[in-house]
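To start, the structure under review is shown below, and the notes come after it.
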Amino acid sequence: MLQKLLWNVREDGVAETVRRGAGMIRQELFYGSEHVLCFDVDAMPEEAVPTESGIAIAHHVRREDIPARHLEQLRSIVRKRHMPEEVVQHYLDYLLRMFSDGGELCLALCNDEVAGFIWIFRASDNCREYFQFFTITPRDGVLCAAFTRPEFRGRGVFATLNRFGFRVAKREGMQYVYASCKTWNTASYHGLVKSGMQRVGTARYLKVLGRYIVVWSAKEGEWP
């Protein structure tokens, strides 16, 4: 995290970096709050989930299956100006290590260019790293680590990725799919709701030595 802040100083200046750094430290090291949403996969119709025009989805379960051109585009997403190439590779490896934890990667493609991505996990011990608010059952799944490139935002990429994730969950026999977003991230929240998810509550948490201590507030009437 310290390295990330130092690169931000070069790009954004001291004042903006201090403001952003304070938020990062608070959210990542101490406490935060997230909306938790759920999608009822069993209630989804069998027909294909509609996608936005011009967006294709590539679904990968192994790193080796990602075409080299898409891998290089992922590398460009994590790259920042002034960032040494070995650090870029570190961030890319960190992102793609989710394969070894059982994650499946969905890439949104516009004219064969990576516009965004999302990961889907089936409930497992490894899944706890990506969803720590409560225990989910073996028939449940999690959508997480989503990202849409700024130049493609507002074009339905995020919603399309979520809907494709629901389709994967349906095919793999999952019952519910969960996702979360920071309470201040209204764009992600509205994107999840637009995709068909319902908020089931808010998790307020302390983060101590890498573990979450969660105070859960369920939204009455929306718990599955």
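The values are calculated or read from the model by the stated rules, or taken from the named source; none is laboratory data. As the structure is a computational prediction, the values presented were derived from the model and not from experiment. Neighbour counts run over all protein chains shown; Cβ positions are idealised from the backbone, glycine included.
Working only within region 109-137, note down all residues that are in a strand (DSSP E or B) and without any contact (Cβ under 8 Å) to a residue 40 or more places away in the chain.
Correct list: 119, 121.
If a residue must be modelled with pLDDT of 70 or more and not small (Gly, Ala, Ser), how many such residues does region 30-57 contain?
Matching residues across region 30-57 total 14.
Just checking, does region 202-224 include any residue being out of contact with any His (no Cβ under 7 Å at 6 or more places or on another chain), modelled with pLDDT of 90 or more and aliphatic (A, V, I, L, M)?
no
Just one of the numbered conditions (1) under 22 Å from residue 74 (Cα atoms); (2) part of a loop (DSSP other than H, G, I, E, B); (3) not polar (S, T, N, Q) is not true of residue 151; which one?
Unmet condition: (2).
I'm told residue 173 meets every condition in (1) of a type outside the set (Lys, Arg); (2) assigned to a loop (DSSP other than H, G, I, E, B); (3) at pLDDT below 90 except one. Can you identify the failing condition by its number?
Every condition holds for residue 173 apart from (3).
Which of the residues that make up region 61-88 are modelled with pLDDT under 85, over 15 Å from residue 146 (Cα atoms) and either among the hydroxyl-bearing types (Ser, Thr, Tyr) or surrounded by 13 or more Cβ atoms within 10 Å (Cβ to Cβ) (or both)?
79, 80, 83, 87, 88
Give all pairs with beta carbons closer than 8 Å in which a residue from region 158-186 that is under 12 Å from residue 196 (Cβ atoms) meets a residue that is part of a helix (DSSP H, G or I) and basic (Lys, Arg); count only pairs at least 6 apart in sequence or on separate chains.
Within 8 Å, the pairs are 159/194.
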